[in-house]
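The values are calculated or read from the model by the stated rules, or taken from the named source; none is laboratory data. Bear in mind that the values here come from a model prediction, so they are computed numbers and not experimental data. Reconstructed Cβ throughout: ideal geometry from the backbone, glycine too, with neighbour counts over all protein chains shown.
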Amino acid sequence: MSSEKTPISLGSNFIRAIVEHDLADKKYATKKWAGSPGDSKHQALGQLDPAKIRTRFPPEPNGYLHIGHAKSIFLNFGLARDYAGVCHLRFDDTNPEKESQEYVDSILDAVQWLGFNWQTIESNGGVESNLYFASNYFDFMYRAAESLIENGHAYVDSQTADEMRETRGTLTEPGKNSPWRNRTVAENLQLFHEMRDGKHADGSLILRAKIDMASSNINLRDPAIYRVRRAHHHNTGNTWCIYPMYTFAHPIEDALEQITHSICTLEFEDQRPFYDWLLERLAEAGLLAHPLPKQYEFARLNLTYVVLSKRKLIDLVEQKHVSGWDDPRLPTLAGARRRGYVAEGFKLFTDRIGISKADSWIEYTILEDCMREVLNDAAERRIAVLDPIKLVIDNYELDKVEDCFAPNHPLKPELGKRVVPLTRELWIEAEDFMEMPSKGFFRLTPDGMVRLRYGYVVKCTRVEKDTVGNVTVVHCDYLPDTKSGTPGADAIKVKGNIHWVSAQHAYAAEIRLYDRLFKEAYPGSGDRDYLNDLNPYSVKTITAQLEPNLKDAKPEDRFQFERHGYFVADKKDSIDGKPVFNRTVTLRDAWQK
């Protein structure tokens, strides 16, 4: 799983400044674990290189990763790489009802696709694996909850969920203590053990931290930390019928893994006081060792024309508004990859938008421009006729096949040229012929001349039409001494230059022209149902005529189709000798037009 990618530079941001300050102060020292990290007796002991930091990327395996996660991946893995540290890939799998192995596998795949892995080579040549699951710490978490009870910091509540909501208070009014808040330590331990042993129904009891029901921070009003939930877990099976809450589990995971900088998005800012409170209580009890991890927050990605809410993405998939989690119109990383977006484009995007504490909206065009910039350099050129009509060169020999030569990449001559066969009958774009030309139209017109790109100058002599007057065939004569690359190429000056493919050699392929999934910049803003903002024209499937070289394209091969944009051979539906192409992005932003 090692990566050969070029080391990442994150550019300047406030989190980088915090890391550099902490390293200068030698605030953290990476420590070796004594025993298994899932062991309830685990303690952080020993010291290693004080320059090494540990970050983490902690997805919940209850859906596929989306574009916003790419920002966090590049931040956390990039910081670790830049400062000779380690980034943990950890699954916060504390909610078995919504989690599955499918989601775990998709997350592993997405992280690797972006160029990262969870293994580091140690100085002694060994391999350190940094792939973790919250569920591996369930024993320790259970012991931590017992410790809170034993020290008077937690109690078992018998209120219903509705009763807890009613007594929680509001932003302006304090909450009310639960009538069960003063249960004795012995009573709480007995009930908690009974919860573990399956003696109570789901939802009948819940373990709460005992903090302050009058706190101005609602997250400190005796938050729930353990609940009864009979559900099969993808990792632990049916071992447990009680599960920790995410806000309880997350700081414990950070501490056990000796994370130095726990980087979250801004919605977790109000949770930080509980994060710190919990770790201090467990350190006081001797279950954790200082220094403890610290949480820092940055602004999440808000992108126009998409929804990044996991709930809404699940709705789009389950209600079949899209074909699945990897639908190329979805902002999931699986969908983006299938669309033809590239990891280097996401790297450029995250560099360009930066890291800040202020919430803001990022225009989708910035992401598209980043993909164009990377693909313009990386993608070889090919010819595709998306809306074909026939062009017949009447004075060209009937069975003649002539080689024309097209550069594989105009900016990279070292990639050489490829053969594009020229024959008497060609396919050209319907828009490249206009019977009644408008001002400024320099392509093919009656009695007009254009250059066949990489070929000859041709002159239109007549057209054929169908019964309703549509042009179906354009007839031309060619000027034999005007072939591109020959001394006579400049003998005739023409303003128009059109692309083409040989009708005899062309490959008829399925092309999917993808556009934005939503027609509004802020789907669902105001009181609208976001589903009402779906773009009914977000995909159009056509049959195009492609140059024969494209027939051998492999899944995920990317090209610039000249004049049309960037396309990728679909990784799912392409088969040998019959690729299907998805439009990644047009050559320029045509959305507003």
_Contact list please: Cβ distance under 6 Å, first residue in the range 508-527 and more than 18 Å from T584 (Cα to Cα), second residue in a loop (DSSP other than H, G, I, E, B), pairs at least six apart or on different chains._
A521/T304; A521/Y305; P523/V307
*If you scan the range 462-509, which residues turn out to be in a loop (DSSP other than H, G, I, E, B) and basic (K, R)?*
K483, K493, K495
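Out of all the residues in the range 278-311, which are within 25 Å of A17 (Cα to Cα) and over 30 Å from the mean Cα position of the chain (by Cα)?
Passing the criteria: L279, H290, P291, L292.
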*asked:* Exactly one condition in (1) closer than 27 Å to Q560 by Cα; (2) surrounded by fewer than 16 Cβ atoms within 10 Å (Cβ to Cβ) is false for I511; which is it?
replied: (2)
*asked:* Tally up the residues in the range 388-420 that are assigned to a loop (DSSP other than H, G, I, E, B) and farther than 27 Å from D351 by Cβ, please.
replied: 10
*Which is outside the structural domain of D109 (by TED's automatic domain parsing), out of contact with any helix residue (DSSP H, G or I) (no Cβ under 9 Å at 6 or more places or on another chain) and without any contact (Cβ under 8 Å) to a residue 24 or more places away in the chain, of N497, N549, N535?*
N535
*Could you count how many residues in the range 530-559 are surrounded by fewer than 17 Cβ atoms within 10 Å (Cβ to Cβ), charged (D, E, K, R) and within 24 Å of the chain's Cα centre (by Cα)?*
3
*Do we have E187 as of a type in the set (D, E) and either within 30 Å of I53 (Cα to Cα) or touching a residue at least 40 places away in the same chain (Cβ under 8 Å) (or both) here?*
no
*Just need a number here: residues in the range 82-98 that are buried (at least 23 other Cβ atoms within 10 Å of the Cβ) and under 9 Å from P61 (Cβ atoms).*
2
*Of the conditions (1) surrounded by fewer than 14 Cβ atoms within 10 Å (Cβ to Cβ); (2) within 30 Å of R424 (Cα to Cα), G526 fails just one. Which one is it?*
(2)
*Kindly check whether there is at least one residue in the range 111-121 that is within 17 Å of R56 (Cα to Cα) and assigned to a helix (DSSP H, G or I).*
yes
*Only one of these is charged (D, E, K, R), closer than 23 Å to L411 by Cβ and in a strand (DSSP E or B): R583, R512. Name it.*
R583
*Might you check whether a residue that is assigned by TED's automatic domain parsing to the domain that holds R54, of a type in the set (G, A, S) and part of a loop (DSSP other than H, G, I, E, B) occurs anywhere in the range 174-181?*
no
_Could you check the range 553-580 and list, in sequence order, the residues that are small (G, A, S) and part of a strand (DSSP E or B)?_
G565, A569
*Can you run down the residue pairs with Cβ atoms below 6 Å, 6 or more apart or on separate chains, where the first is in the range 412-431 and in the same structural domain as D394 (by TED's automatic domain parsing) and the partner is assigned to a strand (DSSP E or B) and among the aromatic types (F, W, Y)?*
K417/F405; L426/W500; I428/W500
*Taking the stated definitions as given, is R181 among the basic types (K, R), surrounded by 13 or more Cβ atoms within 10 Å (Cβ to Cβ), closer than 17 Å to R227 by Cα and under 40 Å from the mean Cα position of the chain (by Cα)?*
no
*Can you tell me which residue in the range 229-273 is surrounded by the fewest Cβ atoms within 10 Å (Cβ to Cβ), limited to those that are in contact with a strand residue (DSSP E or B) (Cβ under 6 Å, 6 or more places away or on another chain), among the polar types (S, T, N, Q) and not in a strand (DSSP E or B)?*
N235
